[in-house]
Amino acid sequence: MTDTTFRGDDRGVSTTISYVLNLTLAAILVSGLLFAAGSVVENERESAIREELDVIGQRIAISIHQANRTVATTPDGAATTLRVQVDAPTRVAGSGYTVSVDTSGTEPVLHLTTEDPEVTVTVPLSIEDGISAGSVTGGPLVVVLDGGDLEVREQ
Amino acid sequence: MADVRRDRGQLILVTGFALAFTLVAVVLLLNTVIYTENIASRGIDRSADEALEFRDAAIEGLGDTLIATNHNRSDGAPVTVLNDTAKSLTEIFTRIHTEEGTVAELDPSTLSTRPGTVLQQSDSSREFTSEGGAAVSWDLAADVNATRNARFTVHRSALDTATHFQVQLDGDTETWTVHIYEDASGNISLATESSLLSFDKKCSVDAATAEIHLTGDGIVGRDCGDYQWAASIDSNYTITFINGDNAAGTYNITINDDGPTSVNSGAFNGATGSSPREIDAAVYSATIRVRYETPTFLYESTVRIAPGEPDDD
């Protein structure tokens with residue numbers, strides 16, 4: 001029963017079955033690994049998007065806040081031009097996004113939304129009124145004063 | 001047989017590559033997160049605050065200039081002096097912010113002024129009666145639509161506890177009166193009364209002389225609560241001194257004079273100069289365009305300069 005004897009011994013072994021079993025096990029292992037890795041990437045991407053949208057939302061909110069304060073301290077009736085630029089990226093973790101101002105609640109809020117994966121981040125604006133509702137594509141934005149109300153527009 | 005051996009491990013190789021790509025993707029995502037953290041930790045653009053600082057400095061600087069030119073006409077025409085001040089302020093702010101690419105500008109070509117009249121008495125021992133003491137209760141001006149910087153300095157010795165010196169504003173439908181008198185405790189006191197609201201003492205001060213800012217917060221240095229000039233008047237009004245012989249000191253009132261306003265000039269000494277009582281043309285208010293621009297911020301508005309004007313006017 002030397003090695004040489006074993007190597008040449010084909011008894012009780014079907015080459016086909018052995019091959020199929022090997023292949024199947026390998027496939028299960030590989031697909032399991034790829035699936036796990038894929039979901040890790042997807043999770044990371046979603047949390048990266050969430051974090052980035054939150055930061056962008058906060059920065060837009062700061063600009064709106066500054067604009068609001070400037071308008072509030074300007075006497076009524078004075079013809080005023082106001083433009084505050086916000087340098088926001090056009091894509092977050094590879095996805096485009098939209099920025100919308102929602103004034104339906106008690107306090108205006110900003111919604112930042114990506115479609116794929118679907119992530120929505122809401123940032124409260126902490127101002128009472130004086131901003132018009134609307135939706136724009138994410139990217140470099142400006143906050144302008146239009147007809148007495150602030151408006152978020154694309155640059 | 002040799003060919004077959006070379007093909008072995010293909011699946012593992014492909015998997016390895018796939019996993020490698022996945023790891024690269026994760027690294028790229030983490031990179032995005034780092035970039036985001038970097039943005040999050042960046043300072044906030046202070047342009048809006050600086051714009052408001054510039055505007056407030058402009059209002060204050062031009063306001064001081066307005067008071068000074070009204071006070072001392074030898075400086076030249078108020079408009080010229082205001083223009084010069086606007087230019088100086090622009091230069092100072094531009095110099096401060098030049099390196100940041102900022103434009104801070106007060107445009108002299110947009111300066112416009114509204115005429116006013118200063119009614120004043122500078123002889124501090126004189127009573128608040130009309131010219132030559134002819135009348136103790138007399139009208140200063142009629143159809144006045146705005147008053148600012150109404151400052152009185154009164155001496156306790158001339159005030160009376162029973163017969164109060166009063167400044168009365170008589171509007172179309174309502175009358176608002178401010179009483180300046182000596183209360184039972186011997187303090188210089190301020191009270192208001194109107195056709196809608198009963199007599200209401202606002203504040204008092206225990207001093208021989210008191211400075212009272214009637215279009216401001218009342219007795220200077222005291223908390224006069226909700227005291228407000230012409231609180232219940234919403235039309236043009238006549239300014240009347242009542243019981244002018246029950247108060248003595250100085251006063252200085254600037255009224256708006258671009259409408260139907262008529263000053264009772266006969267009751268004043270008329271001419272300017274060394275005369276103890278004066279009536280003089282002045283600038284009531286001025287407006288000018290202010291512009292503050294940085295690469296990321298633009299603010300352009302009109303500011304109104306009327307120092308010492310009640311807030312609601």
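The values are calculated or read from the model by the stated rules, or taken from the named source; none is laboratory data. Nothing here was measured: the structure is a model prediction, and the numbers come from that model. Glycine gets a Cβ as well: all are built from the backbone with ideal geometry, and neighbour counts include every protein chain shown. Accessible surface is based on the protein model in full, side chains and every heavy atom, while ligands, DNA and RNA are left aside. Shrake-Rupley method; radii C 1.70, N 1.55, O 1.52, S 1.80 Å.
Determine the shielding of peptide B:28-40 by partner chains: average, over its residues, the number of Cβ atoms on other chains within 10 angstrom of each Cβ.
Mean number of neighbouring Cβ atoms from other chains: 6.
Mind checking which of B:116, B:19, B:290 is farthest towards the positive end of chain B's charge dipole, using Cβ charges of +1 (Lys, Arg) and -1 (Asp, Glu) about the Cα centre?
It is B:19, whose Cα lies furthest towards the positive end.
Please work out the ratio of the alpha-carbon Rg of chain A to 2.2 N^0.38 Å and round it to two decimals.
Cα-based Rg divided by the globular estimate yields 1.94.
How large is the Rg to Rh ratio of segment B:195-313 when both quantities use alpha carbon positions and Rh follows Kirkwood?
The Rg/Rh ratio comes out at 1.04.
Considering only C-alpha atoms, what is the centroid distance from segment A:29-71 to segment B:204-260, in Å?
A separation of 60 Å, based on Cα centres.
Taking each full run of DSSP H in chain B as one helix, which ones are at least 24 Å long along their axis (Cα atoms) and have mean Kyte-Doolittle hydropathy of at least 1.0?
Taking the DSSP H segments of chain B (at least 24 Å long, mean hydropathy at least 1.0), we get B:10-40.
Per residue of A:88-96, what is the mean number of Cβ atoms on other protein chains within 10 angstrom of that residue's Cβ?
Mean partner-chain Cβ count within 10 Å for A:88-96: 2.
What percentage of the solvent-accessible surface of segment B:93-169, computed with a 1.4 Å probe over protein heavy atoms, is contributed by carbon and sulfur atoms?
46
Pop the C-beta distance of residue B:223 and residue B:199 into the FRET formula with R0 = 22 Å and round what comes out to the nearest 0.05.
That gives a FRET efficiency of 0.70.
What nm value, rounded to one decimal, do you get for the distance between residue B:145 and residue A:111 when each label is placed 7 Å out toward the C-beta?
Here the modelled spin labels are 4.8 nm apart.
Add +1 for every Lys or Arg and -1 for every Asp or Glu among the other residues with Cβ under 14 Å from the Cβ of residue A:123, and state the total.
Once positives and negatives cancel, what remains is -3.
Would you work out the charge dipole size for segment B:159-209 about its Cα centre, treating the Cβ of every Lys and Arg as +1 and the Cβ of every Asp and Glu as -1, and quote it to the nearest 20 debye?
The calculation lands at about 140 debye.
Ranked by accessible surface with a 1.4 Å probe, highest first, in what order do B:93, B:165 come?
From most accessible down to least: B:93, B:165.
Ignore the peptide's own chain and count Cβ atoms of other chains within 10 Å of each Cβ in A:139-148; give me the average, rounded.
Partner Cβ neighbours, averaged per residue: 1.
Compute the signed sum of charges (Lys and Arg +1, Asp and Glu -1) over the other residues within less than 15 Å, Cβ to Cβ, of residue A:146.
That sum, taken over residues with Cβ under 15 Å, equals -3.
Take the Cα pairs of chain B, get the Kirkwood Rh, then feed it into Stokes-Einstein at 20 °C and 1.002 mPa s and tell me D in µm²/s.
90
Sorted from largest down, what three extents in whole angstroms do the Cα atoms of the protein assembly as shown have along their principal axes?
143, 46, 36
Given only helices, namely DSSP H runs of n ≥ 4 each adding -39500 (n - 2.57), what is the per-residue ellipticity at 222 nm of chain A, to the nearest 500 deg cm²/dmol?
Dividing the helical sum by the residues of chain A leaves -14500 deg cm²/dmol.
Treat segment B:124-196 as a sphere of radius equal to its Kirkwood radius over Cα pairs and apply Stokes-Einstein at 10 °C in a medium of 1.306 mPa s; give the translational diffusion coefficient in µm²/s, rounded to a whole number.
115
Using 1/(1 + (r/R0)^6) with R0 = 60 angstrom and r between the beta carbons of residue B:38 and residue B:84, what's the FRET efficiency to the nearest 0.05?
0.80
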